[in-house]
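One structure is given here, and the rest of the page talks about it.
The values are calculated or read from the model by the stated rules, or taken from the named source; none is laboratory data. Owing to the predicted nature of the structure, the values given are computational and were not obtained by experimental measurement. Counting neighbours? That spans all protein chains shown, and the Cβs are built from the backbone with ideal geometry, glycine included. These area figures cover heavy atoms from the full protein model, side chains too; ligands, DNA and RNA do not enter into them. Shrake-Rupley method; radii C 1.70, N 1.55, O 1.52, S 1.80 Å.
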Amino acid sequence: MNCLPAQTIRVVTIKQPTSAERSSSDMFGDEKYAGISASEIDTGAQLVAGLTSTLEPDEALRIRKKIDRHVMPLMCVLFGIQLVDKITLGSAAILGIQQATHLTVNEFNWLGTAFYLGYILFEYPQNLALQRFPVGKWMSINIFVWAIALACHAACKNFRELLVVRLLLGVCEGSNTAGFLIVGSMFYTRTEQTLRVGYWSMMLGSAQVFSGFISFGVLHIHTSWFEPWQWLMVITGMITMILAILFWFLFPDSPTNAWFLTHDERVKAVQRIKENQTGVENKHFKMGQMIEALTDIKTWLFALLAALCNVPTSVLNQQSLILVSFGFNSLQTTLLSCITGVIQFLVVFTAVRLAARWPNARAYVGAIFYIPGWLGVLLINLVPWSNRAGLLAGQYLSAFPVPGFVLALSWLNNVTAGHTKRVVTNATILSAYCVGNATGPLMWKAQYKPRNHIPWAVIGTCYVVCPLLLLVIRAVLVRENRIRDAEPVGEGEEYVIERIEEDGKCVKVKVDKEFLDLTDRQNRDFRYVL
């Protein structure tokens, strides 16, 4: 049967032509019939094409809860373990790694930077791999290599050896946050994404608590052949290895093939995210979407925000050393570090709940949490050095601005459409995130100790500029929405795909515009959430 399009219908084919068909007809040269190639449509289109029924709210809620049960625990545990692994260097600082490997202060700081150098060098390749290969499987391979690199820290004897394993950790971690953002946009609506990014980001606080207790525990391990910092690396490496295996078998690649959903539930899972107007995924890299991502002003505003938000995170690697400089001993420091984790857990939870409850308030909520952070910087710089309580309070208040970047990550996915554009945008923002994280450790020079006025002044500046950037991004998106609202409403176009049934019959089924893998610029019906 030949499926010829009507004059008012644009036809897309998902039929894969044979070599003979390709050679016999130009029509099959680009796998298309009339205007849109098969590679341009979203993978979700094949599931929902032709559906006319609407999804009942109760059924949508049931599907979401089922997705939550299978996806969110793995995401939260991985993000938490990933952060534990990152801050093992800071924890190891008070467990003897500097003395055992003969590190100078600058070499120790460079190890913090090296992690992010590996991250940034491989961020674009990692994102392209996440588009090309199954997301869950690619992430699990990276987690496996990462676990080996982490455990290998225990065998390192000098700066050069530690530098290699830190670079490798950064290379592997480049797949995780990007993978989470991609998976989140596949499974969740815009509002749900804000909450879910917040939930796995809360593990930043949990990781610090968990790391503090592990550090406290290994301090009580007394072996002549293994030092406490080596036990820390081996234990966390083993935990990460177990997680890599779980991810391979349990983490889904897409709602179109999620193992825990029936065929009917997969269809409904794709229907659920139709309101996002971003589709599910597309495995074909589109150069036009890459160019659009790199020429979009909001990409670079988010990138600048990501860089500046993450300069202050260098405090995590320095926290143990800072607390020791306040006069606390090693045991006290490991426990006091846990309080920072509790604070960050609570402020992230509060911020994402407020952002989800108040419509169009992401920028405002994020900006508010920078105020206590700035007060903390003032306390650390101005109270007498003998006032340990005041210094500790300032240290804890400086942890409050974490929600700014968390909300930015969830916001980014909500205002970017087109799978290739999302991949390139994510890579750009996460590369900027690496720049901030790589730059931060270099501030903590020996000549600035013990008060570290210069590093804290830089952090204070970031705490002023970042909320302003959030408000600028919001203003840019408000302006674009107004322009689109003023545009004349165009005549609706119907989009149809030809699908070959099991009996070989060719049928035409309608596909919604949301599943054509259009970018937010191309789809003038797209409205930016605020």
Checklist line | Any chance PHE180 is in contact with a Lys or Arg (Cβ under 8 Å, 6 or more places away or on another chain), open to solvent by less than 10 Å² (accessible area, probe 1.4 Å), within 23 Å of SER314 (Cβ to Cβ) and part of a helix (DSSP H, G or I) | finding: no
Subset of the range 355-402, residues small (Gly, Ala, Ser), in a loop (DSSP other than H, G, I, E, B) and surrounded by fewer than 22 Cβ atoms within 10 Å (Cβ to Cβ), comes to ALA361, SER386
Within the range 150-161, the residues that are surrounded by fewer than 23 Cβ atoms within 10 Å (Cβ to Cβ) and not aromatic (Phe, Trp, Tyr) are ALA151, CYS152, ALA154, ALA155, CYS156, LYS157, ASN158, ARG160, GLU161
A careful count of residues in the range 60-88 that are open to solvent by less than 50 Å² (accessible area, probe 1.4 Å) and charged (D, E, K, R) gives 4
In the range 130-146, anything modelled with pLDDT under 90, open to solvent by 10 Å² or more (accessible area, probe 1.4 Å) and touching a Phe, Trp or Tyr at 6+ places or on another chain (Cβ under 9 Å) is listed as ARG132
Restricted to the range 370-398 and to residues being over 19 Å from VAL342 (Cβ atoms) and polar (S, T, N, Q), the residue farthest from the chain's Cα centre (by Cα) is SER386
ARG272 meets each of (1) over 21 Å from GLY90 (Cα atoms); (2) at pLDDT 90 or above with one exception, condition (2)
Taking the range 168-185 and keeping residues modelled with pLDDT of 85 or more, of a type outside the set (Val, Ile, Thr) and over 21 Å from ASP85 (Cβ atoms) leaves GLY184
Turns out the helices (runs of 4 or more DSSP H) fully within the range 86-168 with at least 2 residues that are hydroxyl-bearing (Ser, Thr, Tyr) are 88-93, 105-121
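One line per residue, one yes/no per condition, for (1) under 24 Å from SER91 (Cα atoms); (2) touching a helix residue (DSSP H, G or I) at 6+ places or on another chain (Cβ under 6 Å):
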residue: LEU335; (1), (2): yes, no
residue: GLY341; (1), (2): yes, yes
residue: PRO359; (1), (2): no, no
residue: PRO372; (1), (2): no, yes
residue: ALA389; (1), (2): yes, no
residue: LEU392; (1), (2): yes, no
In the range 186-211, anything aromatic (Phe, Trp, Tyr), more than 21 Å from ASN142 (Cα to Cα) and modelled with pLDDT of 85 or more is listed as PHE187, TYR188, TYR199
Taking the range 429-471 and the residues there that are of a type in the set (Val, Ile, Thr) and crowded, with 22+ Cβ neighbours inside 10 Å, the one that is farthest from the chain's Cα centre (by Cα) would be ILE459
Taking the range 89-117 and the residues there that are closer than 16 Å to LEU167 by Cβ and open to solvent by 30 Å² or more (accessible area, probe 1.4 Å), the one that is farthest from the chain's Cα centre (by Cα) would be GLU107
Of (1) open to solvent by less than 20 Å² (accessible area, probe 1.4 Å); (2) closer than 17 Å to CYS462 by Cβ; (3) in contact (Cβ under 8 Å) with a residue 40 or more places away in the chain, GLY341 fails just (2)
When restricted to ILE429, ILE454, ILE483, the only residue under 14 Å from LEU308 (Cβ atoms) and at pLDDT 85 or above is ILE429
Among VAL347, VAL352, VAL311, the single one that is closer than 30 Å to ASP58 by Cβ and crowded, with 19+ Cβ neighbours inside 10 Å is VAL352
> Among the residues of the range 88-100, is there at least one that is among the hydroxyl-bearing types (Ser, Thr, Tyr) and in contact with a Ser or Thr (Cβ under 7 Å, 6 or more places away or on another chain)?
Replying inline: yes
Notebook entry, point to check: Has the range 233-254 got any residue that is open to solvent by less than 40 Å² (accessible area, probe 1.4 Å) and of a type in the set (D, E, K, R)?
Noted result: yes
